[in-house]
Amino acid sequence: MRLFDAKEMGQDQTKQQIEKGLQLYQSNQTEKALQVWMRVLEKTTDPAGRFRVLGCLITAHSEMGRYKDMLKFAVVQIDTARELEDPDYLMESYLNLARSNEKLCEFQKTISYCKTCLNMQGTTVSLQLNGQVSLSMGNAFLGLSIFQKALECFEKALRYAHNNDDKMLECRVCCSLGSFYTLIKDYEKALFFPCKAAELVNDYGKGWSLKYRAMSQYHMAVAYRKLGHLADAMECCEESMKIALQHGDRPLQALCLLCFADIHRSRADIQTAFPRYDSSMSIMTEIGNRLGQIQVLLGVAKCWVIQKELDKALEGIEKAQELAEGLGNKLGLLKLHCLCEGIYRTKGQQRELRDHVVKFHECVEEMELYCGMCGESIGEKNNQLQALPCSHFFHLKCLQTNGTRGCPNCRRSSMKPGFV
């Protein structure tokens, strides 16, 4: 005797099929898992089950780099959450919508959806998501090169992780802090935080996805390269790439290829670097990672400069500048103006040189990338930095030698070191 129509799937069967999909996904049978979940989505009569299976589909498409599909499922999940009339479900669905836009480099939308999440009055369950919301918002501010707000969000996310003993969230925040300090060129901290993430994986990550190990190894590779430890960088990047290939993690594969290319460029092995930049660019374009495309174009332009092919370098810079302006990525624009400055100085074109010098300094002012104590730029060279509780950051040596009792930027009284 059949209890429900063959075209429909009840609560218990929905739960069983979702678990079946998870088992397939965890054993790297991704396409089979997707087929199971799509069948559940089509046939289930259970709204809570539909919500959960949409969450599985969102996560899977995120890890595969299918960000437009991720966004599509996130929009459907919001409709399901409204049908359920549950604030916890609604907050989770808006977080997934924010993450989808973050992956697509729609940073202003990400921030807007994150603020919607934080304004929701949910239960204790939804409050536990606040750390993940703060992390996503921090990543978006970082994409826009709004560094103080990014650091403020990362600090909040880290506090949520500590207060809730959420080691996975702490691991992810540490990797984002690695990116943050890489961008503003405090390479000791850029290495410290992903090393901390790797420790968390070793100590607590027995049942975690291998993506956490891969993620920490990639960020360590980036920091090691910046510090000139190229053998260590290559070793970490190879481990990360191995896991990314095993799991079909296209976004991480693209980042590893970019890192490999940068390592070869650092070794002045330009001919080995070029094909890796090309492969990285191909995946970055396929998945829609425009921020990654800027990094690739910047690396390729630097290769052309090394080979004294300055006009080819300028062609790549023009494409990167268009992308950076579209995203509002000010640090990308600053780096491009800096590279152009060197190229036009070599070419002896004074008018263009002056133009890029002016634009470079405008970017520094706009991003407040200077120490409020000594007035020197931050992010031009490797320097130890320290943030205050207000999330303004300064040269460490300036804080150690300066006798002021408050932050010179916002005049808050505390001069104790910040959380991160």
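The values are calculated or read from the model by the stated rules, or taken from the named source; none is laboratory data. No experiment lies behind these values; they were computed from the predicted model shown. With ideal geometry, Cβ positions are generated from the backbone for all residues, glycine too; neighbour counts draw on all protein chains shown. Heads up: the accessible areas ignore ligands, DNA and RNA and are worked out on the full protein's heavy atoms, side chains in. Shrake-Rupley method; radii C 1.70, N 1.55, O 1.52, S 1.80 Å.
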*Counting Lys +1, Arg +1, Asp -1, Glu -1, what net charge surrounds ALA244 among other residues with beta carbon under 13 Å of its beta carbon?*
0
*All other residues with a Cβ under 13 Å from the Cβ of TYR344 taken together, and with Lys, Arg as +1 and Asp, Glu as -1, what is their net charge?*
+1
_Integer Hz, Karplus 6.51/-1.76/1.60 couplings in order for the stretch 180-186, x for Gly and Pro_ = 4, 6, 5, 5, 9, 6, 10
*Which whole-number value in Å² is the accessible area per residue of the chain, probe 1.4 Å?*
48 Å²
*For the chain, which whole-number percentage of the solvent-accessible area (1.4 Å probe, protein heavy atoms only) is attributable to carbon and sulfur atoms?*
47 percent
*asked:* From the mean inverse distance of alpha carbon pairs (Kirkwood) and the Cα radius of gyration, derive Rg over Rh for the stretch 182-280.
replied: 0.98
*To two decimal places, what compactness ratio does the stretch 146-199 give when its Cα radius of gyration is scaled by 2.2 N^0.38 Å?*
1.07
*Measure nothing but the geometry: give the 0 to 90° angle between the long axis through the Cα atoms of 270-287 and the longest principal axis through the Cα atoms of the chain, rounded to 10°.*
40 degrees
*Looking at the stretch 38-144, which GluC sites (Glu not before Pro) are in a loop (DSSP not H, G, I, E or B) and have at most 14 other Cβ atoms within 10 Å?*
GLU85
*Longest exposed-loop-site-free stretch of the chain, with trypsin sites (Lys or Arg not before Pro), DSSP loop and at most 15 other Cβ within 10 Å?*
8-266
*asked:* Within 10 Å of each candidate Cβ there may be at most 15 other Cβ atoms; applying that plus a DSSP loop requirement, which chymotrypsin sites (Phe, Trp or Tyr not before Pro) in the stretch 3-101 survive?
replied: PHE4
*Mind pulling the angle between the C-alpha long axis of helix 230-247 and the longest principal axis of the chain? Nearest 10 degrees, somewhere in 0 to 90.*
20 degrees
*How about the stretch 309-377: which GluC sites (Glu not before Pro) there are in a DSSP loop, with at most 12 other Cβ atoms within 10 Å of their Cβ?*
GLU376
*In degrees from 0 to 90, rounded to the nearest 10, what is the angle of the helix 67-84 Cα long axis to the longest principal axis of the chain?*
50 degrees
